[in-house]
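The values are calculated or read from the model by the stated rules, or taken from the named source; none is laboratory data. Predicted model only: the values in this text are computed from it and were never measured. As a convention, Cβ positions derive from the backbone with ideal geometry for all residues, glycine included, and neighbour counts pool all protein chains shown.
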Amino acid sequence: MYLNDSNLTSYQLWKETGISEASIGKYRNGTSNPNFANSKVLLDYFESQNGKTGKGDMLKTDAAESPTAEGLPLIPFECIAGFGDDNAGIILNECEIYNIPEFRNIGAEFLVRVGGSSMYPKYSSGDILACRKIHDILFFQWGKVYVIDSSQGQLIKRICEHENPEMIMLVSDNREKYPPFAMPKSDIRCLSIVLGAVRME
């Protein structure tokens with residue numbers, strides 16, 4: 001987090017966010033990273049302040065200005081398949097970068113925003129998912145949520161076992177509106193597993 005770019009003292013940040021002065025001091029001097037809850041509080045606070053003042057981004061940087069930023073790129077949903085390939089540099093130039101250490105610590109490589117209600121109530125439209133690209137599909141973790149690029153487009157679904165070993169079942173959490181359907185494994189062009197999420201209210 002770019003807490004050192006803030007003009008607020010640790011005391012002022014404590015008053016604004018409720019995160020203790022000691023914790024903020026540790027985040028600033030690099031002896032500790034904020035947990036998921038504190039990352040969300042700080043992200044929400046600085047984003048709200050940036051919207052009010054129009055000054056700087058405390059957690060977000062422009063990839064074009066900072067191509068080696070330590071954060072995670074928020075990839076446009078339609079560009080997921082290309083991320084990590086030869087054209088990744090082009091994609092990154094169009095992305096915002098978010099610094100959420102907990103996601104980096106668990107191996108996330110990029111973020112993607114949820115659209116639609118097929119995975120509700122697990123994920124709502126607007127939520128941000130942290131993902132890791134699967135480069136060699138050796139096996140699936142049945143029941144886990146993946147981002148899939150296929151001939152049907154980009155999908156966020158649970159992958160479940162199919163009776164035919166050449167097929168998988170794609171399952172939505174919102175099953176009343178989105179029934180499960182089968183897909184040939186050979187139709188998967190790109191696969192990423194979802195590792196975590198930031199929920200938007």
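For the reader, a short list of remarks on this structure follows.
Let's see how each residue does on (1) modelled with pLDDT of 75 or more; (2) surrounded by fewer than 18 Cβ atoms within 10 Å (Cβ to Cβ); (3) closer than 21 Å to Ile128 by Cα; (4) not assigned by TED's automatic domain parsing to the domain that holds Arg189:
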position: Gln12; (1), (2), (3), (4): yes, yes, no, yes
position: Glu21; (1), (2), (3), (4): yes, yes, no, yes
position: Asn38; (1), (2), (3), (4): yes, no, yes, yes
position: Leu43; (1), (2), (3), (4): yes, no, yes, yes
position: Phe46; (1), (2), (3), (4): yes, no, yes, yes
position: Asn50; (1), (2), (3), (4): no, yes, yes, yes
position: Pro76; (1), (2), (3), (4): yes, yes, yes, no
position: Gly82; (1), (2), (3), (4): no, yes, yes, no
position: Asp85; (1), (2), (3), (4): no, yes, no, no
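- Enumerated strands (runs of 3 or more DSSP E) restricted to segment 130-201, each holding at least 3 residues that are among the aliphatic types (A, V, I, L, M) and touching a residue at least 40 places away in the same chain (Cβ under 8 Å): 145-150, 190-198
- Filter pass, Arg175 being within 17 Å of the chain's Cα centre (by Cα), at pLDDT below 95 and surrounded by fewer than 17 Cβ atoms within 10 Å (Cβ to Cβ): no
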